[in-house]
Each structure stands twice: as C-alpha cells, then as structure tokens.
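What follows draws every value from the coordinates through simple rules; no lab data is involved. None of these values were measured; they are calculated from a predicted model. Glycine also receives a Cβ, built like all others from the backbone with ideal geometry; neighbour counts cover every protein chain displayed.
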Amino acid sequence: MHLNAQPFGIYIRIVAMISLALGLNDAARLLGVNLGAVSPIAELGTAGFVYLAIFALARLFAAVGLWIKASWGAVLLVGSTCVELLFYLMGSPDVQMSAIGFAVRLVLLAAILIIFVLSVRIRRARAAD
C-alpha cells in the first residue's frame with residue numbers, strides 16, 4: 001500500500017491522532033484513572049486487563065505507524081480493531097466498552113478501510129498511466 005500519496009497526508013494523520021487518543025484512553029484505563037482505590041485488575045479481571053493492554057499497545061503502535069505513513073500501521077490498526085470488536089460483539093465479558101467507545105472504534109475501522117480503498121484506486125490509476 002502506498003500511503004505517501006499527497007491526498008492521504010492529512011487524512012492519515014487525523015486517523016493516527018484518533019488512534020493515539022483511543023490508545024491513550026485505554027492506557028489510562030489500565031492505570032486505573034477514575035477508579036479511585038479499586039485496582040484495575042480487580043475491576044477488569046485478569047483476562048480483561050491483558051486484552052486491554054494488548055489492544056492499547058497495538059493501537060499506540062498503529063498510531064505511530066500511521067503517522068510515519070507506514071503500511072504496517074494501517075494493517076495493525078485494522079487487525080486489532082477487528083479482533084476487539086469481534087470479541088465485544090460475541091459477548092466476551094473480558095472486553096468492555098461504552099457505546100461511545102464502540103462508535104469511535106467503528107469510525108476508526110471505517111476510516112482505515114477508506115484509506116485501503118483509496119490506496120487501491122490510486123495504485124490502479126497510476127498503473128493505467
């Protein structure tokens with residue numbers, strides 16, 4: 001995927017910032033922000049804590065990858081977001097999110113899929129030239 005094309009620049013950076021914000025929000029949940037004296041592991045459970053840590057790290061690395069316009073950032077973001085949404089929709093008690101968090105993840109997934117589609121279209125247009 002060729003993410004260095006000019007039309008993608010600002011759009012990819014906006015998606016990277018959304019991914020970064022979501023990853024930092026997940027990291028704050030891991031640290032127990034707004035939980036008071038309750039341990040995050042006690043609140044989320046051991047498996048939920050591990051899942052959240054994996055998804056937060058994947059999202060933070062994906063944000064860096066998108067910011068430097070590397071194709072692995074988009075792949076990592078799609079993979080981690082799809083797995084997280086799949087766990088949530090299948091009713092896993094270990095993956096918890098609010099309605100707003102679910103909506104943000106769907107928007108993030110749609111945005112990165114738009115990047116994939118536009119990248120393929122630009123590649124085909126360049127090949128036709």
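Values for this structure:
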{"item": "Region 65-92, subset β-branched (Val, Ile, Thr) and surrounded by 16 or more Cβ atoms within 10 Å (Cβ to Cβ), residue nearest to the chain's Cα centre (by Cα)", "result": "Thr81"}
{"item": "Residues of region 111-129 satisfying the condition of being exposed (fewer than 12 other Cβ atoms within 10 Å of the Cβ) and among the small types (Gly, Ala, Ser)", "result": "Ala125, Ala127, Ala128"}
{"item": "Test result for Val95, among the β-branched types (Val, Ile, Thr), under 27 Å from Ala127 (Cα atoms) and touching a residue at least 12 places away in the same chain (Cβ under 8 Å)", "result": "no"}
{"item": "Asp26 part of a helix (DSSP H, G or I), surrounded by 14 or more Cβ atoms within 10 Å (Cβ to Cβ) and among the acidic types (Asp, Glu)", "result": "yes"}
{"item": "Lone qualifier among Phe55, Phe102 - being surrounded by 17 or more Cβ atoms within 10 Å (Cβ to Cβ), out of contact with any strand residue (DSSP E or B) (no Cβ under 9 Å at 6 or more places or on another chain), over 30 Å from Ala127 (Cβ atoms) and not aliphatic (A, V, I, L, M)", "result": "Phe55"}
{"item": "Flag for Val95 being among the β-branched types (Val, Ile, Thr), within 18 Å of Leu44 (Cβ to Cβ) and surrounded by 17 or more Cβ atoms within 10 Å (Cβ to Cβ)", "result": "yes"}
